[in-house]
Amino acid sequence: MAHQCWKDAVQAELQALVRNNTWTLCPLPAHRITVGCKWIFKVKKKADGNVDRYKARLVAKGFSQHAGIDFRDTFSPVLRAITIITILAVAIMKGWKLRQVDVNNAFLNGELTEDIFMDQPPGFEVLGADGQKLVCKLNKALYGLRQALRAWFHTLEHFLIDNLGFSASKADPSLFLRTSATSQVFLMAYVDDIVLTGSSNAEVDSVVQQLHDRFALKDMGRLNFFLGIEVKYTPQGLLLSQRKYIQELLNKTGMTDAAATPTPMVGNPKLVASDGSQPFADGHLYRSTVGMLQYLYITRPDLSFYVNKLSQYMNSPSETHWKAVKRVLRYLSGTMEHGLLLSNGPVQLVCYSDADWASLVEDRRSTTGYVIYLGANPIAWCSKKQAVVSRSSSEAEYRSLANCVSELLWVK
């Protein structure tokens, strides 16, 4: 707060809260306990790493809420990675434009059904006329509340369905579709990030304007950066990569200047749970690194098998397992610009699947792998250890995606 840039950010956030009628000041009722709050400061960066803006956010201390009093249901659907890739592939194959908007202070639009009392923002406390201490009775959801995401999603969902004529997809409730005799519009919502595409640019513009009239939007224009995924437009199609995310991962693990390797893992010796090596000292570092790798293969199918293999030793990783993780990181340092290319082509859904035979040394289980293509574009892939049942999940995944694609493209 000693810097002017953060003072301005705090004032902007506080004005947005007051303008949105987020709370009403009142004395604390008897037998009620307040929920705390704090300021969170974050530097928002662009895809190239440069500073975009300074963001201050008032966050409620949701861990102090009491179930049954301050909140009840908290679950809210979140957009699936497969849905994102499928919609982008459909847009490229049909020649549709991709539009991105961001909802300013999205959670502040969520309507609460519970009475929640919160402490006043630090540094901006106000006393009553008689010097009595006042608290904030929340009218709208606030970041940090247990039910904030659910409240925002339901507010957005009701507006899209009741006012704009959209319907939620059966394959993914975070995907909304509006179909008429002359046009189609798809809307993907991931919390406050929204991506739209459709056969009519005028219809998309109309939806954006109506959303802006209801919620305060920041129009980002053509889709370029979404959920840490860089979107590049090339003559061949759409290239999705996570170069910035890889750089953050390498910086976190101190592997920025590591020598690159041509392959992410060696064939022999095979990784096993107990290989006689010393336990890895920092188990949290192993688990967090592999967890970041799991998000990375949204655009990197070549990592699917290796990340699945490394994820099997989360409980008690050894030095050998950590060396295998570092080899994957060295492979990434040399393939940072690689990504997923989505191109035009015939609309055809094809699935390839296979499994090795009892390759795991510990329990003689098999490993199943599959990849599903929409035209020339891979939209879903998986590598995982088989369960007790021998039938793989590729058929079920294929049928689910077939229903999704038929819903999007009006084909059977």
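Per-structure values
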| read-out | value |
| --- | --- |
| Given (1) loosely packed, with under 15 Cβ neighbours inside 10 Å; (2) touching a helix residue (DSSP H, G or I) at 6+ places or on another chain (Cβ under 9 Å); (3) free of Cβ contacts under 8 Å to residues at least 12 places away in the same chain, index of the condition A168 fails | (1) |
| Strands (runs of 3 or more DSSP E) wholly inside the range 139-245 containing at least 1 residues that are outside the structural domain of I92 (by TED's automatic domain parsing) | 229-234, 237-241 |
| Filter pass, C26 being closer than 26 Å to G128 by Cα and surrounded by fewer than 17 Cβ atoms within 10 Å (Cβ to Cβ) | yes |
| Number of the condition not met by K137 [criteria: (1) among the basic types (K, R); (2) closer than 25 Å to Q242 by Cα; (3) touching a Cys at 6+ places or on another chain (Cβ under 8 Å)] | (2) |
| So A56, is it under 15 Å from N104 (Cβ atoms) and of a type outside the set (S, T, N, Q) | yes |
| Which listed residue is closer than 17 Å to G144 by Cβ and small (G, A, S), from G95, G36 | G36 |
| Check on Q312, touching a residue at least 60 places away in the same chain (Cβ under 8 Å) and polar (S, T, N, Q) | yes |
| The range 171-188, residues that are within 15 Å of the chain's Cα centre (by Cα) and either among the polar types (S, T, N, Q) or more than 20 Å from S400 (Cα to Cα) (or both) | S174 |
| For A129: the one exception among (1) exposed (fewer than 15 other Cβ atoms within 10 Å of the Cβ); (2) within 26 Å of V208 (Cβ to Cβ); (3) of a type in the set (A, V, I, L, M, F, W, C) | (2) |
| Boolean, F153 is under 19 Å from N20 (Cα atoms), surrounded by 14 or more Cβ atoms within 10 Å (Cβ to Cβ) and in contact with a Pro (Cβ under 8 Å, 6 or more places away or on another chain) | yes |
| Enumerated strands (runs of 3 or more DSSP E) restricted to the range 327-412, each holding at least 3 residues that are modelled with pLDDT of 75 or more and more than 25 Å from the chain's Cα centre (by Cα) | 349-355 |
| Pairs, first in the same structural domain as E362 (by TED's automatic domain parsing) and within 11 Å of A324 (Cβ to Cβ) in the range 261-283, second modelled with pLDDT of 90 or more and loosely packed, with under 14 Cβ neighbours inside 10 Å, C-beta under 6 Å, six or more apart | none |
| Residue in the range 321-328 that is closer than 20 Å to G267 by Cα, free of Cβ contacts under 8 Å to residues at least 60 places away in the same chain, surrounded by 17 or more Cβ atoms within 10 Å (Cβ to Cβ) and touching a strand residue (DSSP E or B) at 6+ places or on another chain (Cβ under 9 Å) present | no |
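Each row is one residue, and each column tells you yes or no for (1) assigned to a helix (DSSP H, G or I); (2) in the same structural domain as D219 (by TED's automatic domain parsing); (3) out of contact with any helix residue (DSSP H, G or I) (no Cβ under 9 Å at 6 or more places or on another chain).
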position: L79; (1), (2), (3): no, yes, yes
position: T83; (1), (2), (3): yes, yes, no
position: I92; (1), (2), (3): yes, yes, yes
position: R99; (1), (2), (3): no, yes, no
position: D102; (1), (2), (3): no, yes, yes
position: E114; (1), (2), (3): no, yes, yes
position: P122; (1), (2), (3): no, yes, yes
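The values are calculated or read from the model by the stated rules, or taken from the named source; none is laboratory data. What you see is a predicted model, and the numbers here were worked out from it, not measured in a lab. Note that we place each Cβ from the backbone using ideal geometry, even for glycine, and neighbour counts take in every protein chain shown.
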